[in-house]
Amino acid sequence: MKITIIGAGGVRTPLVLKSILARQERLGLTELALMDVDAEHLELIRALSTPVLEAGKAAFRTLWTTDTREAIQDADYVLTTFRVGGIASRVVDEQVPLRYGVLGQETTGPGGFAMALRTIPPILEYIEQVRALAPDAWIINFTNPAGLITETIINRAGFKRAIGICDNPPTMHRAIASFLNAQPDEVFLEYFGLNHLGWVQAVHYRGQDMLPTLIAEVKKLGEMLDLPFDPGFIEALGMLPNEYLYFYYRNREAVEHILQAGQSRAQQIAPLHQRLFDELQRIHQAGGSVAEMEAAYREYLHGRHATYMSIETGSKVHEELAEAELGEAAEGYAGVALEVIGCLSGGETGILVLNVPNQGAIVGMEEQDIVEVPCYLARGLVRPIAIGSVPDHALGLMKRVREYERLTVEAAVTGSYTTALKALALHPLVPSYGVARQILDDYLEQHSDLFPRLS
Ligand code: G6P
Ligand code: MN
């Protein structure tokens, strides 16, 4: 088996490697290709990862490369996890809408729109290369905005062997199981939505729906899940919202908090990033002490985790996590991706919340719409599990956002300014057409080369 990581110069690679190492034998992994267009970052991540590979007794060949073709050739699984323009472009994504009093967030609202416009052209190129060089491969997309990019891969490029993943639903799942003192695989979460726009509408455990009980104890549960909602609101909703719904249900507070902080999340983590890469560079040049590199990396992970959602919710930063918890929390994406690979490659079966075509799972969404629902995985198959009907308010929001996503993909592919403007203006978090135009024009100016040309 060959696994390829596109965007391996990113900070998540060491975590992906740990997940891979834990499963290398079961998977029968023979080759791992780690590709990035940024040679410097790739080299530093390689320096940080080499001891991890040695300690984990990697029995597979590794190929660190900036050559996409070589990386993709004959791959069985291609993991896409890249950010066009790096963290600096996330700063722009988030800053522009804030100037107009609109949410500035990585994936939700205009920030996700801008990120998508930058990402769609390169992802389409990668898909063509996969089609030519590894036509039987599965693409596992971590690249955000994950729903929209998965939509591009499956519905635009017509590459059906693709799955989008997010660590958010599995994180909720683990926390809910632990609240019930149960193992995660004893609990089935009826989770539905789009990526970063989802709800839990039932929690099946030992033959019962535990959601009403959980909601009755929602104050405790909310704290445990770090849900930024009032217990009273969750009770009224009768469902557990994904934390990203904070940006919808409490949009005004989110914007106010970010404006008050004087910086968005990207500006908060940019210095952490910089410090990590500077440190790695310094240690690498000095001959590379493994312990020092790992210490710098752990500090980085702690810093990022501790401040997650702190600006947006105006809450205190989280406590430092114990090492084991940090490992679990950080494995997130990587763990899901490797579980998916384990199931698709034959040996394992599983149920995981993934981004896939709806295929009837949520009543009211179209067959092809990319939704985030529990899927049954076994022997090379991924099948969404029927959810059935969902409340109208949730369906309505999903449909509106789905339409925005579809138009955004269309704008990126056709280069139509009008379509891009329509997409942004129809996003539920953009208050008016005029503001949409200002935001779009601002992005076109600030992102210039990284954006598709729109006319
Ligand atoms: C969650 C989401 C990811 C997102 C990340 C942002 O894990 O599921 O899709 O990228 O949060 O975290 P950050 O530390 O970059 O703000
Ligand atoms: Mn996510």
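Coordinate-derived values only; no laboratory data. Bear in mind that the values here come from a model prediction, so they are computed numbers and not experimental data. Ideal geometry is used to build each Cβ from the backbone, glycine not excepted, and the neighbour counts take in all protein chains shown.
Data for the structure
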read-out	value
The chain: relative contact order as a whole-number percent, Cα under 8 Å and 6+ apart	17 percent
Where only alpha carbons of the stretch 49-162 are counted, the Rg and the Dmax (Å)	16.6, 53
Spatial separation of Cα centroids for the stretch 9-44 and the stretch 148-222, in angstrom	27 Å
Sum of side-chain charges, I258 neighbourhood, beta-carbon under 15 Å (Lys, Arg +1; Asp, Glu -1)	-1
Convex hull volume per residue for the stretch 264-419, taking Cα atoms only, in Å³	217 Å³
Against the rule of thumb 2.2 N^0.38 Å, how large the Cα Rg of the stretch 141-261 comes out	1.18
Approximate shape of the stretch 47-96 as ellipsoid semi-axes (Cα gyration tensor, √5λ), whole Å, largest first	29, 17, 9
Centroid-to-centroid separation of the stretch 247-322 and the stretch 385-455 [C-alpha atoms, Å]	28 Å
Quarter of Cα convex hull surface for the chain, i.e. mean projection, nm²	20.1 nm²
Per-selection Rg to Rh, the stretch 246-295 - Cα, Kirkwood hydrodynamic radius	1.31
Semi-axes of the equivalent ellipsoid for the stretch 171-226, Cα gyration tensor, largest first, Å	16, 14, 11
Net charge of Cβ neighbours under 11 Å - reference F277; Lys, Arg +1; Asp, Glu -1	-3
Share antiparallel - DSSP beta bridges, the chain, percent rounded to 5	55 percent
Number of Lys pairs (Cα under 30 Å; 8 or more positions apart or on different chains) in the chain	10
Range of Cα positions in the stretch 203-306 per principal axis (Å), largest first	58, 40, 16
Interchain or long-range residues, amide H under 5 Å from I139's placed H	V78, A162, I163
FRET efficiency, 1/(1 + (r/R0)^6) with R0 22 Å, evaluated for T414 and E128 via beta carbons	0.80
Share of alpha-carbon pairs per 10 Å distance bin for the stretch 384-451, given as whole %	20, 43, 23, 12, 2
9 Å beta-carbon shell around T30, net charge (K/R +1, D/E -1)	+1
Computed [θ] at 222 nm, deg cm²/dmol, the chain (DSSP H ≥ 4; -39,500 (n - 2.57); rounded to nearest 500)	-16500 deg cm²/dmol
